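Enquirer: My questions all concern the structure below.
The values are calculated or read from the model by the stated rules, or taken from the named source; none is laboratory data. Everything numeric in this text was worked out from a predicted model, so none of it was measured. Glycine gets a Cβ as well: all are built from the backbone with ideal geometry, and neighbour counts include every protein chain shown.
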Amino acid sequence: MFIHTVRSRIANIHLLESGSGVVIVDAGFGNAAPLVLRTLDQLGYSPRDVRLIFLTHAHIDHVGSAAELRRLTGAPISLHRADVAKARAGKHNMPTGRGASGKILEHAFNGLRLKFRYEAFEPDVLFDDGQTLCEFGLDARVVHTPGHTLGSLSLVLEHGAMVIGDAVINQIRVGMPLYGEAPALAYDSARKILGMRPRILYSGHGEAFAGDALARYFELKGLTTTVSGAN
Ligand SMILES: [Zn+2]
Ligand SMILES: [Zn+2]
């Protein structure tokens, strides 16, 4: 299995190559489809080799080109049920800001009444914790990592690799995103990821980073690594 990262503006799209095709993880903003198809072509794949468009969550920078990519590849789109309402509406509000800078930005966006709009779509497949992607040709397990959105999903891959969407990001440094629907859950999800002892983490934002970097973030912030919730 190979992981190829496509950098689409600020957000990452990951192409997971298995022996039997490609799973696209996240779909970038609304104009990312040509870049994805070009990259597939460079890797020797036709659009028909795409088995699944797996969305980590329904924010505009991750699903903006989902509907377009489905049209171009014929592959089904998957999502967690808790994010389906956003996908159907084709929009989401500014999530709650975390910390001082998050709050300032939240107020600024709300003041502008900015709506985060994208082409609405109905997912074809719904995933939840513990399911696998075997039927789509990929040795991967789905992990529910809610907080950033309630439906945020991650994937456990071979050899200690994980794709984690915006559960933890690496913009400037490894840390929690500034926005989240349920910030307390987001920390538990980061702990859950840490508890899986990943070797390498592929985030929705920034370069991939080592599992140790997430452990160091917890240490630096003086955060406990014990998961408080039931899951
Ligand atoms: Zn997001
Ligand atoms: Zn994002």
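Enquirer: Which of the residues spanning segment 61-78 are more than 15 Å from ligand 1 (Cβ to nearest atom), closer than 19 Å to Val163 by Cα and aliphatic (A, V, I, L, M)?
Expert: Ile77
Enquirer: Separate question: Check Glu135 against each of (1) modelled with pLDDT under 95; (2) among the acidic types (Asp, Glu); (3) under 23 Å from Gly19 (Cβ atoms) and name the one condition it does not meet.
Expert: The failed condition is (1).
Enquirer: What is the number of the single condition among (1) within 13 Å of the chain's Cα centre (by Cα); (2) at positive phi that Ile164 does not meet?
Expert: The number of the failed condition is (2).
Enquirer: Can you tell me which of (1) among the small types (Gly, Ala, Ser); (2) within 14 Å of the chain's Cα centre (by Cα); (3) within 16 Å of ligand 1 (Cβ to nearest atom) is the one Gly175 doesn't meet?
Expert: Failing condition for Gly175: (2).
Enquirer: Moving on to the next point. Looking at the structure I just gave you, is Ala27 more than 22 Å from Phe127 (Cα to Cα) and within 18 Å of the chain's Cα centre (by Cα)?
Expert: Judged against the criteria, Ala27 is not a match.
Enquirer: If we keep just the residues of segment 8-60 that are at pLDDT below 95 and more than 16 Å from ligand 1 (Cβ to nearest atom), which is nearest to Lys91 (Cα to Cα)?
Expert: Applying the filter and picking the extreme gives Asn31.
Yes/no matrix, rows are residues, columns are (1) touching a strand residue (DSSP E or B) at 6+ places or on another chain (Cβ under 6 Å); (2) at pLDDT below 95:
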| residue | (1), (2) |
| --- | --- |
| Leu105 | yes, yes |
| Asn110 | no, yes |
| Lys115 | yes, yes |
| Ala120 | no, no |
| Pro123 | yes, no |
| Val142 | yes, no |
| Gly147 | no, no |
| Val174 | yes, no |
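Enquirer: Determine the pairs where a residue that is part of a loop (DSSP other than H, G, I, E, B), located within segment 58-78, has a partner that is among the hydroxyl-bearing types (Ser, Thr, Tyr) and within 16 Å of ligand 1 (Cβ to nearest atom) with Cβ atoms under 6 Å apart, the partner being 6 or more residues away or on another chain.
Expert: Gly64/Tyr118
Enquirer: Restricting the search to segment 1-52, which residues are among the hydroxyl-bearing types (Ser, Thr, Tyr) and under 28 Å from Arg117 (Cα atoms)?
Expert: Within segment 1-52, the first condition is being among the hydroxyl-bearing types (Ser, Thr, Tyr), and the residues that meet it are 5, 8, 18, 20, 39, 45-46.
Passing the criteria: Thr5, Ser8, Thr39.
Enquirer: While we're on this one: Scan segment 1-52 residue by residue and report those that are of a type in the set (Asp, Glu) and within 11 Å of Leu69 (Cβ to Cβ). Walk me through it before giving the result.
Expert: First, pick out the residues of segment 1-52 that are of a type in the set (Asp, Glu): 17, 26, 41, 49.
The one that is of a type in the set (Asp, Glu) and within 11 Å of Leu69 (Cβ to Cβ): Asp26.
Enquirer: Considering only segment 125-161, state which residues are in a loop (DSSP other than H, G, I, E, B) and closer than 20 Å to Asp212 by Cβ. Please lay out each step first, then the result.
Expert: If we filter segment 125-161 for residues that are in a loop (DSSP other than H, G, I, E, B), which is where we start, we get 127-131, 133, 137-140, 145-152, 157.
Selection gives Thr145, Leu157.
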